[in-house]
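Every read-out reported here was derived from the displayed coordinates using simple, explicitly stated rules and does not represent laboratory data. Only a predicted model underlies this, so the values are computations on that prediction, with no experimental measurement involved. Glycine gets a Cβ as well: all are built from the backbone with ideal geometry, and neighbour counts include every protein chain shown.
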Protein chains: 2
Amino acid sequence: MAESFAPVRAEPLIGRLAIIGMGLIGSSLARAARELNLAGEIAAADRDEAVTQRVRALGLADLATTSAAEAAKGAGLVILCVPVGACAAVTAAIAGALAPGAILSDVGSVKGAVVDQVGPLVPGGVHFIPAHPVAGTEHSGPDAGFASLFLSRWCILTPPEGADAGAVALLRAYWEAMGAIVEVMTPAHHDLVLAITSHLPHLIAYNIVGTANDLEKVTQSEVIKFSAGGFRDFTRIAASDPTMWRDVFLHNKDAVLEMLGRFSEDLAILTRAIRFGDGETLHRHFTRTRAIRRGIVSLGQDKPETEKLKR
Amino acid sequence: MAESFAPVRAEPLIGRLAIIGMGLIGSSLARAARELNLAGEIAAADRDEAVTQRVRALGLADLATTSAAEAAKGAGLVILCVPVGACAAVTAAIAGALAPGAILSDVGSVKGAVVDQVGPLVPGGVHFIPAHPVAGTEHSGPDAGFASLFLSRWCILTPPEGADAGAVALLRAYWEAMGAIVEVMTPAHHDLVLAITSHLPHLIAYNIVGTANDLEKVTQSEVIKFSAGGFRDFTRIAASDPTMWRDVFLHNKDAVLEMLGRFSEDLAILTRAIRFGDGETLHRHFTRTRAIRRGIVSLGQDKPETEKLKR
């Protein structure tokens, strides 16, 4: 797809927007809501007092509080932007404040566990529609967000069976207003797709950076200097928020272990080819992986490296 | 380091420059030599007639030929830009054409094997000084190169013991004139450093893209769509030239197998932590890998992702 932009709305899509958790994603949602006029009022909560102060200083919300329930009160849309493992506790804390007809959503990278843990805590009359914007950077906190983070990125909705069609349509419209492309799938399929496109890559990146860190004969300074040979892309991924990623792996265990098993089998084959000098197997493997890359570039999900490097 | 540029020279550093192999690296060398006035004359050779025609069409060299020996004749500096596995054969082919006093160098990602295989073929009086610019993109061929590819990137020289100091100084000056930062080390240490910073990352990236390709329950189109979650960085690396990388793994076997062994041990620990829900081990591991990233960004070897994404 071509580079695009999200237009400012003449009228807000919802009344009060409550964002619980003001890190990279939460603060990007707040900025987008403000810049694009998506909500009549923005209420932001974070359990960390220093973060709410920063939210106030940055002018990201009309209300910044450490009380999630206070932020959620009277909101038409409440979005949980906390690590997956914290979603149930936050839902329990705000359940009493949720108005009938409100939409409760999240941005977690795992959906099955969220549905299982949060679903039973949602009061009757509140529409629970989990979501996952596939977007991010390696930075964390309220200063890291920006309004265009979701532009031209996919956002996956996993509405439970029998979800209110109007509520799903409104949430879809809300993400589309930020420039996101919305796709609907089941929580289980989401967790499988993300296990390979996101969770396993992160685990592998964290792992290789750890391996590099522990070498006796290559210094950390050498690793840093010569990282342009491929390593630096892994370090970017491995600089992502540790708490968020711990929770992802704890809550998408089965799919990640399945992908890890396949990855390790495949790696054993390449290892063996290297050990026995089987250049044909290596060349065949290295050739077929180019097709996926072409698909990603042509779909606008990345730019060729050359465009980034030329200067 | 800060963003910089390489100035155009008033006088060329050398007379005739011969580049053998006009792919990404060779054509970047030719462009840099032309733009920065580094050589009095540029002779380019490629065994592929279509490539030499393209070199002529692009005006990258004064001479474009399929004969490596013809290009090397009378050159003050000959740079082999062919896959590591082809260096010995090319050296044998040009040995008779090399003038006494000429510098023979290369750009291979492996140094020990090149020294072992090429060294004995170099005629007396010719200065053989292997080199490796740690720079590249996922693209190949004469159209893929650009003059600033080596700017602010490291170039590692591995001169043999007793190498002519003047020749080493000239080759260093030549790379510095293209904006590269030169470091000298032994071939064995080079191969160990690059095994972790470049070779293992490429193998892992090739591997995970292959794993994704083979899934039955996740389509290739889904992998492509949701690649922004981390996977796309791996696909870029896994789109690199298959022949070049086959040769790297065949010629740096011991160091790569050593790094692979450590990587697999470390991955077993993370896998076990996921299986048994050991969040503390995961969090501890994910936290310590951030330091290396900060080092890379502060050394100017990459930009924060946010700078690339904001638009």
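Across segment B:14-185, the volume of the C-alpha convex hull divided among the residues equals 95 Å³ per residue.
With K and R counted +1 and D and E -1, the other residues having a Cβ less than 14 Å from that of A:Val84 yield a net charge of -2. Angle of helix A:242-251 to the longest C-alpha principal axis of chain A, folded into 0 to 90 degrees and rounded to 10: 90°. When B:Arg288 is represented by a point 7 angstrom out along its Cα-to-C-beta vector, the spacings to that point in the other copies are 3.7 nm, nearest first.
Grab every C-alpha pair in segment B:156-311, bin the distances at 10 angstrom width from 0 up to the longest one, and report whole percents. With 10 Å bins starting at 0, P(r) equals 8, 23, 37, 22, 8, 2, 0. The rotation axis bringing chain A onto chain B passes closest to the chain A residue reported with its distance as A:Asp233, 2, by C-beta distance in whole Å. Eigenvalues of the alpha-carbon gyration tensor of the protein assembly as shown, scaled by 5 and square-rooted, set the equivalent ellipsoid semi-axes at 51, 24, 20 angstrom, largest first. When 1/r is averaged over all different Cα pairs and the result inverted, which Kirkwood radius in Å belongs to segment A:226-293? Averaging 1/r across every pair of different Cα atoms and inverting gives 14.8 Å. For segment A:102-146, the pair-distance distribution built from all alpha carbon pairs, in bins 10 Å wide starting at 0, is 23, 43, 27, 7 percent. In plain terms, the bigger the Kirkwood radius, the slower the diffusion; for segment B:184-253, with that radius from Cα pairs, at 37 °C and 0.692 mPa s, Stokes-Einstein puts D at 243 µm²/s.
The other copies place their A:Leu257 label points at 3.2 nm from this one, listed shortest first, where each point is 7 Å from Cα along Cα→Cβ. Of the residues A:Leu260, A:Leu157, A:Leu77, the one that moves most in a GNM of chain A with alpha-carbon contacts below 10 Å is A:Leu260.
Placing +1 on each Lys and Arg Cβ and -1 on each Asp and Glu Cβ, with no other charges, gives segment A:108-197 a dipole about its Cα centre of roughly 80 debye.
Any idea what angle helix B:279-288 forms with the longest principal axis of chain B, computed on alpha-carbon atoms, 0 to 90 degrees, nearest 10? Rounded to the nearest ten degrees, it is 30.
Under 5 Å from the amide H of B:Leu77 lie the amide H atoms of B:Arg16, B:Ala18, B:Ile103, each residue being 5 or more positions distant or on a separate chain, with H modelled from the backbone and absent for Pro and chain starts. What net charge do the residues around A:Phe286 carry, taking every other residue with its C-beta under 9 Å from that of A:Phe286, with Lys and Arg at +1 and Asp and Glu at -1? Neighbourhood net charge equals +3. Principal semi-axes of the equivalent ellipsoid, √(5λ) from the alpha carbon gyration tensor of chain B, are 37, 21, 20 Å from largest down. The order of A:Phe128, A:Phe234, B:Phe5, going from fewest to most other C-beta atoms within 10 Å of their C-beta, is B:Phe5, A:Phe128, A:Phe234.
As a proxy for reagent exposure, ranking A:Glu49, B:Glu216 by other Cβ atoms within 10 Å from fewest up yields B:Glu216, A:Glu49.
Spatially, segment A:242-271 and segment B:66-123 are offset by 44 Å when compared through their Cα centroids.
For B:Glu70, inter-copy separations between label points set 7 Å beyond Cα along the Cβ vector come to 8.1 nm, shortest first. Between the helical axis of A:24-36 and the longest alpha-carbon principal axis of chain A there is an angle of about 50 degrees.
In chain B, the DSSP-assigned H stretches of four residues or longer account for a calculated mean residue ellipticity at 222 nm of -14000 deg cm²/dmol, using -39500 (n - 2.57) per stretch and the full residue count as denominator.
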